[in-house]
Amino acid sequence: MTFLLTVRNDMGPDPVQQGEAMKHYSAVCFDFDYTLGDSTDSIVAGFQYGFERLGHPIPDRETVRGTIGYLLEDAYTMLTGDRDPERLARFRAYFLEVAKPRQRKETFLFPGAAELLQGLRAQGVRLGIVSTKTGETIEYIMDRLGLGDCLDFVIGSSDVKHHKPHPEGLEMALDRLGLPPERVLYCGDTVLDAEAAQRAGLEFAAVLNGTTPASAFDVWPHVFLARDLDALARFLEGRTRPAV
């Protein structure tokens, strides 16, 4: 059974399950972009360079922001309608030429991210990232920021055949954790994350750091809508315990 949020944000009463004790999570998995971290500048630069090289009108910053969280090729097709495999491959190459080195150097975490990860790790909670970003890039960023040791694993775009909202990445996470779905919470910022969690049997908390409005999650099961990571940390207080 999924317990649904009774309010729109973290300012009201906590959600509860009718007739059930509070759920405890032994692991928490996160999306990356617009959940834990912000790579907007490098992603926008990569899109604009790739579109220029392919002769497309150059998208503005807000247009690109609306695609963050989707697989890169899907985002390109969303903005151009172009599904040609050769041009998709060229766009990826152009994008990475500019975005990859900048993401590694410029990506920053949202306020409260480091404290959240370190606090959960100190409690013995297992942590992972499941993202459409490449795992190699995420690992580099987290190591640069001194948080790599907080994570049990990173599952990125090259680690799966099927990307969110397909549940493959989260199912892989469950396999690595060796935990049943009800012991794991997934946190993300898009409806892709919400659908992937539902299909994998995980409970879901939405983090409103990105472009997806709170109302978009109305049709998806969720246990919390967090306006920021500090709110998510408050929600998790008393709701975690180490795996035994």
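The values are calculated or read from the model by the stated rules, or taken from the named source; none is laboratory data. This one's a predicted model, so the numbers in the text were calculated from it and none came from an experiment. Cβ sites come from the backbone with ideal geometry, for glycine too, and all protein chains shown count toward neighbours.
In region 138-149, of all residues being crowded, with 19+ Cβ neighbours inside 10 Å and touching a helix residue (DSSP H, G or I) at 6+ places or on another chain (Cβ under 8 Å), the one that is nearest to Leu72 (Cα to Cα) corresponds to Ile141.
Within region 153-197, can you find the residues that are under 19 Å from Thr212 (Cα atoms), among the β-branched types (Val, Ile, Thr) and buried (at least 20 other Cβ atoms within 10 Å of the Cβ)? Scanning region 153-197 gives a single hit, Thr190.
Among helices (runs of 4 or more DSSP H) entirely within region 11-96, having at least 3 residues that are over 17 Å from the mean Cα position of the chain (by Cα), at pLDDT 95 or above and among the polar types (S, T, N, Q) singles out no element at all. You will find that of Ala233, Ala205, Ala200, the residue that is under 20 Å from Gly37 (Cα atoms), buried (at least 17 other Cβ atoms within 10 Å of the Cβ) and either without any contact (Cβ under 8 Å) to a residue 40 or more places away in the chain or among the aromatic types (Phe, Trp, Tyr) (or both) is Ala205 and no other.
For Arg241, the conditions (1) at pLDDT 95 or above; (2) over 18 Å from Gly69 (Cα atoms); (3) of a type in the set (D, E, K, R) all hold with the exception of (1).
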